[in-house]
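J.: Mind looking over this structure? Questions follow.
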Amino acid sequence: MESVMESVVGGLDIRWDRQVLEPRPWTVEQAEWLAELSATAPAGAALELCSGVGHLGLVLHRLTGRRLVMVDANPRACELAAENARAAGTEQVEIRNSVMTRALESQERFALVLADPPWVPRAEITRFPDDPTIAIDGGPTGLDLAVQCLDLIEQHLLDGGHAVLQLGTAEQVEELMAERAPTRVELVEVRRRERGVLAHLRTC
């Protein structure tokens, strides 16, 4: 059995082990940015795609008070996310252990979406030996799950809503937006960070 470790992320005690991606404190910028954007979002719940152990969604929930739905395909990540939600003392969190494409009902809509998909191109994942493959393998170009995230954002983001998507490079963001050419969602801003970039999307 993997030993469980704890990290303080965004003021929360977060449990994790080597079966999941380590929650890095600098990633909190994604949740904090979306929390700022929530001031101009409509009423409604928040959605976190590829949620891992839940630290980003829980920080967003703490900052906004919005009900939160977290989705991840890794059962162990969902177990730890449930533990972390209980430790944070919140009951307004629903965790769905599922692939993204089957996790949501067609009528569900969200005011905010956090998306942190694996974005490392498959040929490069050996650069990160401490990270579990399931958490970083983004397919041949690194965009396999990002494409799914963008599709779900377009389908489920409320009018006037905001999303923040993490990818590896600004070039990946450009490629993703060109490949999918969403009709309801526009790219507003890309911010570079310590490891990767953050893309702000909104309905248009």
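J.: Which order do the peptides 45-52, 129-136 take when ranked by the mean count of other beta-carbon atoms within 10 Å per residue, highest first?
T.: The densest-packed peptide leads the list: 45-52, 129-136.
J.: Oh, and also: How large is ³J(HN,Hα) for each residue in region 189-202, as worked out from phi by the Karplus curve 6.51 cos²θ - 1.76 cosθ + 1.60 (θ = phi - 60°), to whole Hz, x for Gly and Pro?
T.: Rounded to whole hertz, the list is 7, 10, 10, 7, 9, 4, 9, x, 9, 10, 10, 8, 10, 8.
J.: A follow-up question, please. Dividing the convex hull volume of the alpha carbon atoms of region 62-117 by its residue count, what do you get in Å³ per residue?
T.: 90 Å³
J.: Considering only DSSP beta bridges whose two residues both sit in the chain, what percent are antiparallel, to the nearest 5?
T.: That works out to approximately 50 percent antiparallel.
J.: Follow-up question, since we're still on this one. Search the structure for amide H atoms under 5 Å from the amide H of Leu157, placed 1.01 Å from N in the peptide plane, and list their residues when 5 or more places away or on another chain.
T.: Hits under the 5 Å cutoff: Phe110.
J.: Note down the relative contact order for the chain as a percent, whole number, built from C-alpha pairs under 8 angstrom at least six residues apart.
T.: 19 percent
J.: Starting from the residue with the highest accessible area, list Leu112, Leu145 in decreasing order, probe 1.4 Å.
T.: So, going from the largest accessible area down, we get Leu145, Leu112.
J.: Region 93-170: which GluC sites (Glu not before Pro) are DSSP loop and have at most 16 other beta-carbon atoms within 10 angstrom?
T.: In loop regions of region 93-170 (DSSP not H, G, I, E or B), the sparsely surrounded GluC sites (Glu not before Pro) are Glu105, Glu108.
J.: So what J values fall out for region 73-82 if you push phi through Karplus, 6.51 cos²θ - 1.76 cosθ + 1.60 with θ = phi - 60°, rounded to Hz, Gly and Pro as x?
T.: Working through the residues one at a time gives 8, 8, x, 5, 4, 5, 4, 5, 4, 5 Hz.
J.: Debye calculation, C-alpha points only, no solvent: report log10 I(q)/I(0) for region 23-157 at q = 0.11, 0.14, 0.21 Å⁻¹, in the same order as the q values.
T.: -0.37, -0.61, -1.35
J.: Based on the mean of other Cβ atoms within 10 Å per residue, sort peptides 156-167, 4-15, 174-185 so the most packed one is first.
T.: 156-167, 4-15, 174-185
J.: Right, next: Provide the per residue accessible area, probe 1.4 Å, for the chain, rounded to a whole number of square angstrom.
T.: I get 45 Å² per residue for the chain.
J.: Continuing with the same structure: So what's region 99-204 giving for Cα Rg divided by 2.2 N^0.38 Å, two decimals?
T.: Output field value: 1.05.
J.: Tally up the carbon and sulfur contribution to the accessible surface of the chain as a whole percent, 1.4 Å probe, everything protein left in place.
T.: It is 47 percent, rounded to a whole number.
The values are calculated or read from the model by the stated rules, or taken from the named source; none is laboratory data. What you see is a predicted model, and the numbers here were worked out from it, not measured in a lab. Ideal geometry is used to build each Cβ from the backbone, glycine not excepted, and the neighbour counts take in all protein chains shown. Ligands, DNA and RNA are stripped out before the accessible areas are found, and what is left, the full protein with its side chains, is counted by its heavy atoms. Shrake-Rupley method; radii C 1.70, N 1.55, O 1.52, S 1.80 Å.
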